[in-house]
């Protein structure tokens, strides 16, 4: 920001305010037009505009500090208005920049991703089904076989995470390897590996659920809500 | 008026401080990249032998790169007047721990991936101002330490978007001297923060491009130069997307863009599956020795190196803040 030279010399002593509320209000108004039409302003005008807002902000803040009672409130209100303008500027600039950069971004390979997610996710589920059938064929009851299958899949997910294979799989499969229960195992095992070096209390203990935590929290929460709905509807 | 300042942001370093020696250590993936012949030491594993943690390894590679740079020049660490260093970790811990071994006055610096160029700018100012004869500058990053701090655990099976970049495992150290044989730094340009609202930590290139654009533009304006006055204008780690954005912005201003490139695209081969290219403090820090070698062999006469940093904080990013970008540049010449 380039400070306004004449003004900044005057400002050296803060005693007498060289700026009035009306002046600031006037400048707030005068900036409105520019802020509405950022797209057509050139870089120089924009930098003037931001410097102007910043300089006013600084001046108003000092008045707010010095003032008492009701006047303080009024300066505060003005400062917030300037901050709103600064925020507006930032938001508008963001939108303009996004318009410019969006066409340049590489396209996500959606069809390939969906296909791989389908195949890998399906394969994991097929493995699960085979395990389930094996348990059933060997005499476990359906409920017990389901729990045993989950346990085996969780074990496999954790094992492949430990062997450094699961993240390679996830790179290609995306949701295909995140959604099945093996993905859940991966989300617990990977922080466990990662934070082992910070010790078992502050590392593994504290960080184990960094990724899975939100799933557990909101999974539990939703199950309670659904349970309540079921209870009342029934 | 400040005598050594040209225009708004550019420093005229009248005594032209000289980069006389440098050292680099990289991880195995970088060692398999196209620049493998230019690295001094290539680690066999991201966790070096005998190290307890990745952080441990990152600290060691920074220290080792500085030791190699010193040894090449026949210096010991005590002959440095100051050591400037930084990395990506919280509290720039690798630099702090490295400074413990060097035993000279130390300034820790943080400019995300612009750290190296920030250090070169500051070091050159120390030398040009007559405050030092020898300054050491280091920067490092490590893929695994950065990922676990800024994104996800490394074994997490996530799909990285196409815009994401791969943090380079590597450290580079440089010895700056008041005079001597080497590559000189006649000018440097310090950059402003530019933040155009990019909040996606997997799209750092787009976040940094406006800062790089601003610094390059101001540099050229301050010195009355054109892009053609350089054999190469090279950014630190904009990656493929960021570089495209930068070029678009420069074309809008009417600059020619034929000689603009990015370190993040040099360090990895497209086949290495890094998506948008390399990133991190280590990216420009280990590519720079290659560029210096090219200058030394007179393949290039004058390069403008622009270190680009996306000043990402996971805390404020989760709170919805965007990522401020910064870029500093140094002119590198061989005369």
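Any read-out appearing in this document is the output of simple, stated calculations on the displayed coordinates, not a laboratory observation. Since this is a predicted model, take the numbers as computed values, not measurements. Using ideal geometry, Cβ is built from the backbone for each residue, glycine included, and neighbour counts are taken over all protein chains shown.
Enter the Cα centre distance for the pair the range B:262-320 and the range A:146-218, rounded to the nearest angstrom.
Going from one Cα centre to the other spans 32 Å.
Please build a GNM for chain A, connecting alpha carbons under 10 Å apart, and tell me which residue among A:223, A:190, A:150 fluctuates the most.
A:223
Where the eigenvalues come from the Cα gyration tensor of chain B, what are the semi-axes √(5λ) of the equivalent ellipsoid, largest first, in whole Å?
Values: eigenvalues 141, 125, 65 Å².
In descending order the semi-axes read 27, 25, 18 Å.
What Kirkwood hydrodynamic radius do you get for the range A:103-180 when you take the inverse of the mean 1/r over all pairs of distinct Cα atoms, in Å?
13.9
Can you tell which of B:134, B:46, B:90 shows the greatest fluctuation in a Gaussian network model of chain B with Cα springs below 10 Å?
B:90
May I ask for the distance between the Cα centers of the range B:152-175 and the range A:16-40, given as a whole number of Å?
Cα centres, the range B:152-175 to the range A:16-40: 45 Å.
Quick one: Cα centre-to-centre distance for the range B:1-28 and the range A:121-135, in angstrom?
Cα centroid of the range B:1-28 versus Cα centroid of the range A:121-135: 62 Å apart.
Below 8 Å between Cα atoms, with a sequence gap of 6+, how large is the relative contact order for chain A in percent?
Working: 159 pairs, mean separation 29.7, N = 234.
Value for chain A: 13 percent.
Under 14 Å from a point placed 7 Å out from the Cα of residue A:144 along the Cα-to-Cβ direction: which residues of the range A:108-136 have their backbone N that close?
A:135-136, by backbone N distance to the label point.
Just B:164, B:79, B:141 to compare: in a GNM of chain B, with alpha carbon springs under 10 Å, which one fluctuates most?
The residue that fluctuates most here is B:79.
What FRET efficiency comes out for the pair residue B:45/residue A:126, r = Cβ-Cβ distance, R0 = 35 Å, nearest 0.05?
Computed FRET efficiency for residue B:45 and residue A:126: 0.50.
To the nearest 10 degrees, how steep is helix A:43-66 against the longest Cα principal axis of chain A, on a 0 to 90 scale?
Orientation of helix A:43-66: about 80 degrees from the principal axis.
Pull out a ≥ b ≥ c, the square roots of the eigenvalues of the alpha-carbon gyration tensor of the protein assembly as shown, then state rounded if a/c is under 1.5, prolate if not and a/b is larger than b/c, and oblate in the remaining case.
Values: a/c = 2.02, a/b = 1.29, b/c = 1.57.
Note, shape of the protein assembly as shown comes out oblate.
In nm, give the distance between the simple-model label positions of residue B:71 and residue B:179, each being 7 Å from the Cα along the Cα-to-Cβ direction.
3.0
Just need the relative contact order of chain B here, percent rounded to a whole number, with Cα pairs under 8 Å and 6+ apart. Don't skip to the answer; put the middle values down first.
Working: 874 pairs, mean separation 82.5, N = 335.
Rounded, it is 25 percent for chain B.
Which whole-number percent is the relative contact order of the range B:22-130 (Cα, under 8 Å, 6+ apart)?
Values: 134 pairs, mean separation 23.4, N = 109.
In percent, rounded to a whole number, it is 21.
Which order, highest average first, do B:96-107, A:44-55 follow once you tally other Cβ atoms within 10 Å for each residue and take the mean per peptide?
Numbers: B:96-107: 17.3, A:44-55: 15.4.
The peptides rank, most packed first, as B:96-107, A:44-55.
Between residue A:51 and residue A:83, what length in nm is gained on full extension when 0.36 nm per residue of separation is reduced by their alpha carbon distance?
Length gained between residue A:51 and residue A:83: 10.2 nm.
Quick one: if the Förster radius is 30 Å, what FRET efficiency do residue B:221 and residue A:94 give, using the C-beta to C-beta distance and rounding to 0.05? Show your work: numbers first, answer last.
Values: r = 25 Å, r/R0 = 0.84.
The calculated FRET efficiency here is 0.75.
Put a dot 7 Å past each Cα toward the Cβ at residue B:14 and residue B:90; how far apart are the dots in nm?
Result: 4.6 nm between the two label points.
So for the pair residue A:168, residue A:32, with labels modelled 7 Å out along Cα→Cβ, what separation do we get in nm?
For residue A:168 paired with residue A:32, the spin-label model returns 6.3 nm.
Is there a simple number for the mean count of other chain Cβ atoms within 10 Å of the Cβ of residues in A:100-111, and what is it?
5
Computed on alpha carbon atoms, what radius of gyration and Dmax characterise the range A:139-234, expressed in Å?
When restricted to the Cα atoms of the range A:139-234, Rg and Dmax are 16.3, 51 Å.
Take the Cβ-Cβ distance between residue B:298 and residue B:321 as r, set R0 to 51 Å, and report the resulting FRET efficiency rounded to the nearest 0.05. Could the numbers behind the result be given before it?
Values: r = 46 Å, r/R0 = 0.90.
For residue B:298 and residue B:321, the calculated efficiency is 0.65.
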